Structures are given as C-alpha cells and as structure tokens.
C-alpha cells in the first residue's frame, strides 16, 4: 500500500472513486462513486421528466466532484507515505475518514443537503435538498427563469453551512441557529414570500401572454421597482422601531440611576 503510484492515481481519478479503490479505501470510493453517477442519473431523469434542459445545469457539479476526489486521493497518498517513513502505525481508513471529514462533507455538499445528512443533520439536509430541486423543478415546469438566482444561493449556503458545522463539531463550539429555526421564528416573512412567489407565477404564466411586448417590459420594470420600494420601506420601518426601543431602554436606565442616586441621598 505504501508504494502506490501518484501517476496511476491521477489516471484512475478521471472516474471519481477508482483512485480510492486503487489506494484501498473502499468506503471513500463508494462515496465518490455515488456522488458522480448519482448526479449524472438525477440530471438525466429530471430532464426527462420535465422535458426541459434546465436540469443540465447540474452538470457543473461533475468537474467539482472530480476535483475533490483528486485532492482527496493525493492527500491520502501523502499521509500514507508519511506514516510509513516515520515508522508509525499503519494509516487506517478509519483514521483518515475522521481526519478528512471536512473534505468528505465538502464533496457531499456538491449536492445541496447531502453534506448535512452525512453530519447527522437529516432535517436540515432534507430541507435544503428539497428547496434546491423544487426550485429547479419549478424553473423547468413553469419556464420561470426568474427563479434561477435561488439555485446558487441554496448551493453556496449548503456548502458553507456544512463546512462551518464540521468545524463546530471538531472544536466543540455550541451550535448556532439553523435555517429551519430562523424560518420558524419568521413565519410572516415566509408567508409573504410565498404569496409574492404565487403572484409572480400567475403574472408570468397567465397575464403576460395577453400583453404586448412593450406593456410587458413596463410591467416587469414596475414589479421590480415595487418589490425594491417595499423592501426599503420595511428596512426603514424596522430600523426606526429598533432605534425607538434602544432610546426607551436608555431612558429607563437613566431613570433608574436617578432613582438610585435619590435614594442614596
């Protein structure tokens, strides 16, 4: 196991997982096999079901999976050789699996939610995976390109949140609030977002076909402007409420100090 070739490892890594089999790490090979071929299978099936090519966007994950598999394989070679040269105990798969948990989590997070499931956060992982593929399904089914911005947001959030959770587990830092906890504490915001999304769907699919291109262009600009104005008003109103609360707290503190001074006299 200590005389494995880096060149042969690189050649085999063009199919993610083969290089890990060559190095003797079957569990890691299974993970990368599942990621790579699962992404291809899901991409083909979802594109066939919806009859569109929007799910071909998932192909961007394939080179990332290959890159992560290559880095992981080369890191295993270096660590195995280092342990052999220092006459240490054999570098077992269990040890490397624990030390490279961050690498495996990042690789699994190429499919949003999979990294969270690997870490044991099944509820958060299922939610992120459902959100990602549901948004992609709506884009393909309703031909709504306006939802395209949701996919990279969900993907990057899933990736970096999973990596932060790995670091929190290793350093025993208290867990921070998850996205689901935030949504449960802001039901009104989620409700209004769903209402706006439903109105946009009706506008895009039922009203827009009846309009001329000129009117559609004006209406599109007006909708964006109304959303921006409403968001600005909400932020201004919220900042005023917070400043009012802070002023009232300061007044109450000053009043308490005056009462303490008066009682002391």
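Part of a helix (DSSP H, G or I), at pLDDT 75 or above and surrounded by 14 or more Cβ atoms within 10 Å (Cβ to Cβ), is that true of residue 153? Considered against the rule, which asks whether it is part of a helix (DSSP H, G or I), at pLDDT 75 or above and surrounded by 14 or more Cβ atoms within 10 Å (Cβ to Cβ), residue 153 comes out as no.
Quick check: is even one residue across the stretch 49-56 out of contact with any strand residue (DSSP E or B) (no Cβ under 9 Å at 6 or more places or on another chain), modelled with pLDDT of 70 or more and assigned to a helix (DSSP H, G or I)?
At the first step, the residues of the stretch 49-56 found to be out of contact with any strand residue (DSSP E or B) (no Cβ under 9 Å at 6 or more places or on another chain) are 49-56.
The next check asks that each one be modelled with pLDDT of 70 or more; those that pass are none.
For the stretch 49-56, residues out of contact with any strand residue (DSSP E or B) (no Cβ under 9 Å at 6 or more places or on another chain), modelled with pLDDT of 70 or more and assigned to a helix (DSSP H, G or I): absent.
Residue 241 satisfies every condition listed in (1) modelled with pLDDT of 80 or more; (2) exposed (fewer than 11 other Cβ atoms within 10 Å of the Cβ) except (1). Within the stretch 115-146, take every residue that is at pLDDT 75 or above and part of a loop (DSSP other than H, G, I, E, B) and give me the one that is surrounded by the most Cβ atoms within 10 Å (Cβ to Cβ). Per the stated criteria, the residue is 121.
Which of the residues spanning the stretch 59-114 are more than 21 Å from residue 160 (Cα to Cα) and at pLDDT 75 or above? Spell out the reasoning first.
Narrowing the stretch 59-114 to residues more than 21 Å from residue 160 (Cα to Cα): 73-96.
If the condition is that a residue be more than 21 Å from residue 160 (Cα to Cα) and at pLDDT 75 or above, then 73, 74, 75, 76, 77 are the ones that fit.
The values are calculated or read from the model by the stated rules, or taken from the named source; none is laboratory data. All values derive from a computational prediction rather than experimental measurement. Because the Cβ atoms are built from the backbone with ideal geometry, glycine has one as well, and the counts that use them run over all protein chains shown.
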